[in-house]
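Got a structure for you, questions after.
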Amino acid sequence: MTATFVGMPAFPVAARAALADTQLRHNLAHATGTIRDKRARVVAEVDDWEDLRTAGAAIKDATLADLEQHLVELEANLTTQGAVVHWARDAEEANRIVADVAKSHALDEVVKVKSMVTQEIGLNEALAAEGIAAWETDLAELIVQLGDDLPSHILVPAIHRNRAEIRQIFLDRMAAAGRPPPEGLTDDPPELAAAARLHLREKFLRAKMAVSGANFAVAETGTLVVVESEGNGRMCLTLPDVLVSVVGIEKVVPTFADLDVFLRLLPRSSTGERMNPYTSTWTGVTPGDGPQEVHVVLLDNGRTRALADEVGRQALRCIRCSACLNVCPVYERVGGHAYGSVYPGPIGAILNPLMRGVGEDPQVDSLPYASSLCGACYEVCPVKIDIPAVLVDLRAQVVDAHRGGTPKLEAVAMKGAASTFASSKRLGFAERFARLGTGLARRLPIAAPWTGARDLPTGPVESFRAWWQRTDGGNNDG
Ligand code: SF4
């Protein structure tokens, strides 16, 4: 995949272009509507769904509050089980570690399990620069990669493509990447899936090294977990000799019992299934079975920055189910590319600014505004991330980051009001002149931009506290 999100325009510009694409809107409405309905049906079957959500949020919060200790425990148990643990501060360090492992075995290709985190760090591009081809093996990721495209959904990266477009991509690009599509390929989904299966099988059987992410990392045992639907992950995690897993530090869960909660929340929230078809777990190296060299790269890349944000740190609870994307009216109309990141939709609108910081990049600063604040994302989130509250807080951070220069009249007035309300003496003094002040303000041309769109009521003849004093709390009124 050579396409990149780097240099994408701010959300309003990108969204306008996306809205003009009627085919895209049709594809998105159909796909999100289908997944949304499936999710609603299977969630309604679970009586204790709300309790599960609360438990999921509580486990994540408790883990994040003690993250360092859980990570150290994870590292110790991984090491005991024969894995090599690496720590990466940022994308560059993580990419370097993966490339070095491949080069140490003189490899020029790796197979990949679908992983958001390796997209976040631009691993495929970094490996390509070192002469190493990274082959995506998830069907949707394969479509995106062959089409030189960008993912537009967390779970269904090619959600913006319909089957006719997918057929054309296979016909145009598959042969250059390996086994060509069968003669007479139609856009019948089973035929398209069979073409991808044959194409990928060659790669699975040839690969000496695989790269994965992890949905969860269990600290008490050093076990990594990948959940998936196609079985490609299982092939990558078991067939090659070398396995490198890049894991965001927020993926750690303390115990296997905690994992149980998330394995119940995730499939119903993401694919609308009661169970996901494949749950693969591995604990370091098992002699004679599976990869005999296992590396785990524990990645920060802005997560500790997000953790430091008191309101925003709840975003690190995210289990990447994508339910918030499927219910978001903004996402449904503009798709994922408009967010300019591998994390699109409501979670992307908070995660990107939290991990990258605000005030530097207009594209990142535009994301907290990419929402109607309708609250649908919060209602479906399996770990109860209050996305609207974080969005509002981030909007304030964006405004604060751009303060400076001559202060605006409104800002001065608000500062004055804050100071007045902070002191009973100052408030009493201001109340005496409120009627005169509001009358004057309505006539001042400088206030016209503000009063032009708002009512400025005339102050009362007598303030409440003056009335209270005069009447002894209402006892002598009249
Ligand atoms: S924010 Fe919640 S709903 Fe959205 S992807 Fe993350 S866990 Fe799923």
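Determine whether the stretch 292-299 contains at least one residue that is of a type outside the set (D, E, K, R) and within 17 Å of the chain's Cα centre (by Cα).
yes
Based on what the data block shows, is T79 at pLDDT 95 or above, within 22 Å of the chain's Cα centre (by Cα) and open to solvent by 10 Å² or more (accessible area, probe 1.4 Å)?
Judged against the criteria, T79 is not a match.
Does R317 satisfy being within 15 Å of the chain's Cα centre (by Cα) and within 23 Å of N95 (Cβ to Cβ)?
In short, no.
When you scan the stretch 229-327 for strands (runs of 3 or more DSSP E) that lie fully inside it, which ones turn up with 1 or more residues that are within 16 Å of the ligand (Cβ to nearest atom) and under 18 Å from K114 (Cα atoms)?
242-248
Quick one: what pairs do we get from the stretch 203-222, first residue on the phi > 0 side of the Ramachandran plot, second among the polar types (S, T, N, Q) and assigned to a helix (DSSP H, G or I), C-beta under 9 Å, 6+ apart or different chains?
Note: pairs meeting the criteria are G222/N77; G222/T79; G222/T80.
Something else about it: Scan the strands (runs of 3 or more DSSP E) fully inside the stretch 53-149 and keep the ones with 3 or more residues being touching a helix residue (DSSP H, G or I) at 6+ places or on another chain (Cβ under 9 Å) and farther than 30 Å from M174 by Cβ.
84-88
Where residues in the stretch 140-174 are surrounded by fewer than 19 Cβ atoms within 10 Å (Cβ to Cβ) and hydrophobic (A, V, I, L, M, F, W, C), which of them is modelled with the lowest pLDDT?
A164
Out of (1) surrounded by 22 or more Cβ atoms within 10 Å (Cβ to Cβ); (2) closer than 30 Å to T281 by Cα; (3) touching a Pro at 6+ places or on another chain (Cβ under 7 Å), what's the single condition that is false for T137?
(3)
Turning to a different aspect of this structure: Only one of (1) open to solvent by 10 Å² or more (accessible area, probe 1.4 Å); (2) assigned to a helix (DSSP H, G or I); (3) more than 23 Å from A55 (Cβ to Cβ) is not met by A195, so which one is it?
Only one criterion is unmet by A195, namely (1).
Given the conditions (1) crowded, with 17+ Cβ neighbours inside 10 Å; (2) out of contact with any Lys or Arg (no Cβ under 7 Å at 6 or more places or on another chain); (3) closer than 30 Å to L67 by Cα, and given that T238 satisfies all but one, which numbered condition is not satisfied?
(1)
Please verify whether the stretch 350-357 includes one or more residues that are closer than 30 Å to V46 by Cα, within 16 Å of the ligand (Cβ to nearest atom) and buried (at least 24 other Cβ atoms within 10 Å of the Cβ).
Yes: the stretch 350-357 contains one or more residues that are closer than 30 Å to V46 by Cα, within 16 Å of the ligand (Cβ to nearest atom) and buried (at least 24 other Cβ atoms within 10 Å of the Cβ).
While we're here: Which numbered condition in (1) among the hydrophobic types (A, V, I, L, M, F, W, C); (2) closer than 30 Å to Q23 by Cβ; (3) assigned to a helix (DSSP H, G or I) is the only one that L155 fails?
(3)
Follow-up question, since we're still on this one. Considering the stretch 358-391 alone, what residues qualify as being within 14 Å of the ligand (Cβ to nearest atom), crowded, with 22+ Cβ neighbours inside 10 Å and among the hydroxyl-bearing types (S, T, Y)?
Scanning the stretch 358-391 gives a single hit, S371.
Which is modelled with pLDDT of 95 or more and touching a Ser or Thr at 6+ places or on another chain (Cβ under 9 Å), of G56, G122?
G122
In this structure, does L409 turn out to be in contact with a helix residue (DSSP H, G or I) (Cβ under 6 Å, 6 or more places away or on another chain), more than 16 Å from the ligand (Cβ to nearest atom) and within 30 Å of P460 (Cα to Cα)? Walk me through it before giving the result.
Working: in contact with a helix residue (DSSP H, G or I) (Cβ under 6 Å, 6 or more places away or on another chain): no; more than 16 Å from the ligand (Cβ to nearest atom): yes; within 30 Å of P460 (Cα to Cα): yes.
When the stated conditions are applied, L409 does not pass them.
The values are calculated or read from the model by the stated rules, or taken from the named source; none is laboratory data. In this text, all values refer to a predicted model and were calculated from it rather than measured experimentally. Positions of Cβ are generated from backbone atoms using ideal geometry, with glycine treated the same way; all protein chains shown enter the neighbour counts. Areas reflect the complete protein model, heavy atoms only, side chains present, ligands, DNA and RNA absent. Shrake-Rupley method; radii C 1.70, N 1.55, O 1.52, S 1.80 Å.
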